[in-house]
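Everything on this sheet refers to the single structure shown next.
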Amino acid sequence: MFFAALVPLALLVWNAFHDGLGANPVETITHETGSWGLRFLLLTLLVTPLRRASGWQALARVRRMLGLFAFFYICLHFLTYVVLDAYFDLHYILEDITDRTYITLGFTSFVLLVPLALTSTNAMVRRLGGRNWRRLHRLAYVAATGGVLHFIWLVKADLREPLIYLGLLLLLFLARVPAIADRLARIRGSSPGESASSARQIAT
C-alpha cells in the first residue's frame, strides 16, 4: 500500500524529467497533487463503511496510511501553489485566500487537516481519549466537503470529475446516518458497536 500510494508522485517526477507535464507544468503539478490528495481523503472516509459492511478490521490500519497520504499530497498541492505559483509572496497569497472563494475553501480544508495529521498516532488517541479523538477526526468530512467544493469552483467548465467526488462524498454522509450504518453492520450479521474497539487503530 505504501509504495502504491507513492506511484502518483513517481509519475509526476518521471514526467517532469521527460517533458511530460504539458504546456503548463505548474498547472499540471497543482492539479495532480490536489486531485490525488482529494482521492486519498475520500478513500480514507470510505474505509469505515466498508469495514462495517465487511467486518474486515484490518481496514482500520489501512485508513491511517490513506489519511496520511491524503495530507501528504495536499501539502504538496499547497506547496506547489506557494512556491511555483505565488513565489512565496505572502501578500499575494493572503489576497488570494481572502478574495478568491475556491482558494478560501481549499486553504480552509488544508488547515482543518493539520490537527488530524498531528493526532494520527496511537499515543495521541490515548492522550485525547477515544471519544474526543473521534469528534476531532470528524473534521475530515468538513475538509473533504471543502476540497470537493474547491475543485468544483475551480473547474467550472468540465464538472464530470468533481461531480463524481461530490456523489461519493454524499454517499459517505449517508453511510453515517444511524439507520444506514446499522444496515451496513447487519450485512455481516453483527452490531456496529463492535467497531468501537478499533478506534485506536483508525487515523485520518
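Since every read-out is calculated from the coordinates, none of them should be taken as a lab result. Everything numeric in this text was worked out from a predicted model, so none of it was measured. FYI the Cβ positions are ideal-geometry reconstructions off the backbone, even for glycines, and counts take in every protein chain you see.
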Simple spin-label estimate for L159/D85, 7 Å along Cα→Cβ, in nm, reads 2.1
Quickly rank 111-122, 35-46, 6-17, 144-155 as a protection proxy: mean count of other C-beta atoms within 10 Å, highest first. 35-46, 144-155, 111-122, 6-17
Once phi is turned into θ = phi - 60°, what whole-Hz ³J(HN,Hα) does the Karplus curve with 6.51, -1.76 and 1.60 give for every residue of the stretch 157-162, x standing for Gly and Pro? 7, 8, 8, 4, 5, x
Cα→Cβ-extended label distance, 7 Å offset, between V111 and A53, nm: 3.6
Please turn the phi angles of the stretch 9-24 into ³J(HN,Hα) values with the Karplus equation 6.51 cos²θ - 1.76 cosθ + 1.60 (θ = phi - 60°), one per residue in order, whole Hz, x for glycine and proline. 5, 4, 5, 4, 5, 4, 5, 5, 8, 10, 6, x, 9, x, 6, 10
Have a look at L50, V26, Y81 and report the one farthest towards the positive end of the charge dipole of the chain, computed about the Cα centre with Cβ charges (Lys/Arg +1, Asp/Glu -1). L50
What is the spread of the Cα atoms of the stretch 23-201 along each of their three principal axes, largest first, in whole Å? 53, 38, 26
Report the full-extension gain for the segment L94 to N24: residue separation times 0.36 nm, less the Cα-Cα distance, to one decimal in nm. 22.8 nm
What percent do you get for the relative contact order of the chain when only Cα pairs under 8 Å and 6+ apart count? 29
What list of ³J(HN,Hα) values in whole Hz, one per residue of the stretch 98-103 in order, does the Karplus curve 6.51 cos²θ - 1.76 cosθ + 1.60 (θ = phi - 60°) give from phi, with Gly and Pro shown as x? 7, 9, 10, 4, 5, 6
Once you charge only the Cβ atoms, +1 for Lys and Arg and -1 for Asp and Glu, what is the size of the charge dipole of the chain about its Cα centre, to the nearest 20 debye? 1640
In the stretch 126-158, the trypsin sites (Lys or Arg not before Pro) that fall in loop regions by DSSP, at most 15 other Cβ within 10 Å: R138, K156
